[in-house]
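Below is one structure, written out as structure tokens, with a few remarks after it.
The values are calculated or read from the model by the stated rules, or taken from the named source; none is laboratory data. It should be emphasised that the depicted structure is a prediction, and the values quoted were computed from it without experimental measurement. Neighbour counts run over all protein chains shown; Cβ positions are idealised from the backbone, glycine included.
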Amino acid sequence: MARVVFKNVEKEFVDGNKETFIAVKESNFTIEDKEFVVFVGPSGCGKTTSLRMIAGLEKQTRGDIMIGDRVVNKLHPKDRDIAMVFQDYALYPHMTIRENLSFGLKNLKQPKDVIAKKVKDASEVLGLDHLLDRKPKELSGGQRQRVAVGRAIVRDPQVFLFDEPLSNLDAKLRVQMRVELAELHKRLEATIVYVTHDQIEAMTLGQRIVVMNKGQIQQVASPTDLYQKPENMFVAGFIGSPPMNFIDVTYENGKVMMEGAQFVLPEHSVQALRAYEGKKLVLGIRPEHLFGEDITMGVPDTYSLTSTVQVVEQLGSENLVYFRVGERMITAKLHPDSDARVGQLKKFLLDMSKVHFFDVKTEKRTSI
Amino acid sequence: MVQKLRDHMWAYIFILVPVLLFLVFTLYPIISAFMMSFQRYHVLNPEWIGFDNYKTMFADSVFYKSLWNTFLFTVCTVPVNIAITFMLAYFIFQLRTKWQTFFKAVMYLPAVASGVTISLVWFAMFDPTKDGMINSFLGFFGMEPVMWLSQTSTALFSLMLMTYLGSHGAGIILYLAAMGGIPKSLYEAADIDHASGWAKFSKITWPLLKPTTLYLLVTGVIISFQVFISVYMMTQGGPDFATTTIAYLIYQTAFMFYEFGLASAQSFVLTAIIVVVSIIQFKMFSTDVEY
Ligand SMILES: Nc1ncnc2c1ncn2[C@@H]1O[C@H](COP(=O)(O)OP(=O)(O)O)[C@@H](O)[C@H]1O
Ligand SMILES: [Mg+2]
């Protein structure tokens, strides 16, 4: 049983001018045994710091951290039964791959034949067996990354910690390693905490995702829930690519009004927005839920926006079409056969069942 | 061809300056010294005498004595000094940046002072009366005053002591830079890998500092083989040739006995020894230092 629990954990750093900087605020979550949880958020939001606090490489300023059934607040990293894959891999440059893999086991004074077997098993799983006598500098980026993972595997820890392990690889290798890591998780049956700034990596790997921003946890949910029910504008804008569009609207009398259009809302939406009578709101709609007039996919054309096409990006599988509503630039992900041309006055249809409304001040999603 | 020359004209002009300097001030003296080692040197009519200078040199017992002194001096100072330098650097590295800078400056200070000034300080230290600095210190423990520089048993050791307590600043700065260059994440990985403090030192820090250590070893040996100023200032090679090093012998031969030919021959032997020893060190220690 290796759950990882944060209870009101906070981390403050004091800089050279004695100013405190809060890197992680009121962090609360429970990572279940054998779960693959991904921490995602923009650079500097406190992901690495959170991970390092689990590892014991950074001591939390406040709060409790539990691994398994133990409170590990005061435990040294080696006593936490964790293994970490560092962003820069942190392979020992002067040791061979074999020595890199066995260093931890040697320090634990395990018998030679046991070490040899574990190194052999791990290197076979990761396809490193023919590289064991090389030095890290004689390996490609992808191979080094595997060695870093191998060094974690041989230790057979309760919890694996990964800090942006794929960020130094090229795009193609990254996709391949992503699949391998997912398979590895199934095989290892271990708890994995994985940090990345890449939302696609998070969505594909995580069973649950912790979205962070500015040191604060924004939402903890499954990939589908994050996509379908983002709790606030930050999560809505961070998850999904291209990001969700936001349009400033005013709600009045069962209708939302925006520059150039107004919609009568369906009955259930009207109920939910009652408190916003006469007030401003932000309407959120994902690019894939906007359609060109030519291909309506059964969307009634009551809900439509008309605007001049500014830019068209042809990606082959789809066309990204950009247009303005008020100040905001809006993106629509249209079928590649759509006839959108720059300068054209075009009608875009909204799938109203996929629309979200956010409070202007709190940026929280209203529940509809 | 001409076009090509013109394209690169400025490059050649820039290179010309150091090349000329090298030719005039390095290569020419070396060649002329080499020629001189086969001559009985007189300013007006040098006399060609073949290998006579070399024969004289190898028949001279003081020459062998000076080789031995130089060897002993090198073996007893270079490794010890590297150890001292390393320990000081390791200690300073643990401090905060502010204190690191302070100690770096303090440790480097002796390198700025001239060898002559430092020798004067050491004269006061080695004062043979019971009021000498070192002797009065030893007096606390009831020990008799020692005539540091004027007896054969302690003279060479006294010169060694000067290097132990001498300038480690340059080496410290090199070590500190190298220590700072080792990624912190290696130590964190080692922490997670159950490495003890000793394991982190012996399996990570020390091996990764090997290039720096090798550099200090090779340059240290080269400098040590040419030890001169302290001999010249403190003991003039005495007593009874106990501190005559090969560099001092060369100086004596040339500028006290005016045997420039013989001095050149001695210089060439010294050069040859330094080259051979340096090559051996690289061969012995340089396996896989780069990383
Ligand atoms: N050792 C430290 N000292 C001071 N500030 C730090 C330290 N480590 C991280 N920070 C700050 O904490 C914030 C979060 O950092 P980090 O957790 O590394 O972010 P990321 O989400 O990109 O991994 C950043 O603003 C960073 O500058
Ligand atoms: Mg990070």
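Worth a mention:
- In this structure, A:GLU99 does not qualify as acidic (Asp, Glu), over 19 Å from A:PHE162 (Cβ atoms) and modelled with pLDDT under 90.
- Filter pass, A:LYS59 being more than 15 Å from ligand 2 (Cβ to nearest atom) and free of Cβ contacts under 8 Å to residues at least 40 places away in the same chain: yes
- Qualifying residue in the range B:244-267 (condition: within 14 Å of another protein chain (Cβ to nearest Cβ) and without any contact (Cβ under 8 Å) to a residue 12 or more places away in the chain): no
- The test for being within 14 Å of another protein chain (Cβ to nearest Cβ), hydroxyl-bearing (Ser, Thr, Tyr) and within 15 Å of ligand 1 (Cβ to nearest atom) does not hold for A:THR61.
- Matching residues in the range A:333-368 - criterion: being polar (S, T, N, Q) and assigned to a loop (DSSP other than H, G, I, E, B): A:SER338, A:GLN344, A:THR362, A:THR366, A:SER367
- In the range A:18-56, residue nearest to the chain's Cα centre (by Cα) [restricted to those that are within 12 Å of ligand 2 (Cβ to nearest atom) and small (Gly, Ala, Ser)]: A:GLY41
- Considering the range A:71-89, the residues that are more than 9 Å from chain B (Cβ to nearest Cβ) and closer than 28 Å to A:GLN143 by Cα include one that is nearest to ligand 1 (Cβ to nearest atom), namely A:VAL85.
- For the range A:287-330, the set of residues classified as surrounded by 14 or more Cβ atoms within 10 Å (Cβ to Cβ), of a type in the set (Val, Ile, Thr) and modelled with pLDDT of 80 or more consists of A:VAL309, A:VAL312, A:VAL321, A:VAL325, A:ILE330, listed by residue number.
- Restricting the search to strands (runs of 3 or more DSSP E) fully inside the range A:245-332 and requiring at least 3 residues that are among the polar types (S, T, N, Q) gives A:304-314.
- Of all positions in the range A:138-153, at least one carries a residue that is farther than 21 Å from B:GLU188 by Cα, surrounded by fewer than 18 Cβ atoms within 10 Å (Cβ to Cβ) and within 14 Å of chain B (Cβ to nearest Cβ).
Yes/no matrix, rows are residues, columns are (1) within 24 Å of B:LYS200 (Cβ to Cβ); (2) touching a residue at least 60 places away in the same chain (Cβ under 8 Å); (3) more than 16 Å from ligand 1 (Cβ to nearest atom):
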{"site": "A:ALA23", "(1), (2), (3)": "no, yes, no"}
{"site": "A:THR30", "(1), (2), (3)": "no, no, yes"}
{"site": "A:PRO42", "(1), (2), (3)": "no, yes, no"}
{"site": "A:ILE54", "(1), (2), (3)": "yes, yes, no"}
{"site": "A:ASP69", "(1), (2), (3)": "no, yes, yes"}
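- Tally of residues being farther than 12 Å from A:TYR92 by Cβ, of a type in the set (A, V, I, L, M) and not in a helix (DSSP H, G or I) across the range B:182-215: 1
- Qualifying strands (runs of 3 or more DSSP E) (wholly inside the range A:121-236; at least 2 residues being touching a strand residue (DSSP E or B) at 6+ places or on another chain (Cβ under 6 Å) and over 19 Å from A:ALA55 (Cα atoms)): A:208-213, A:216-221
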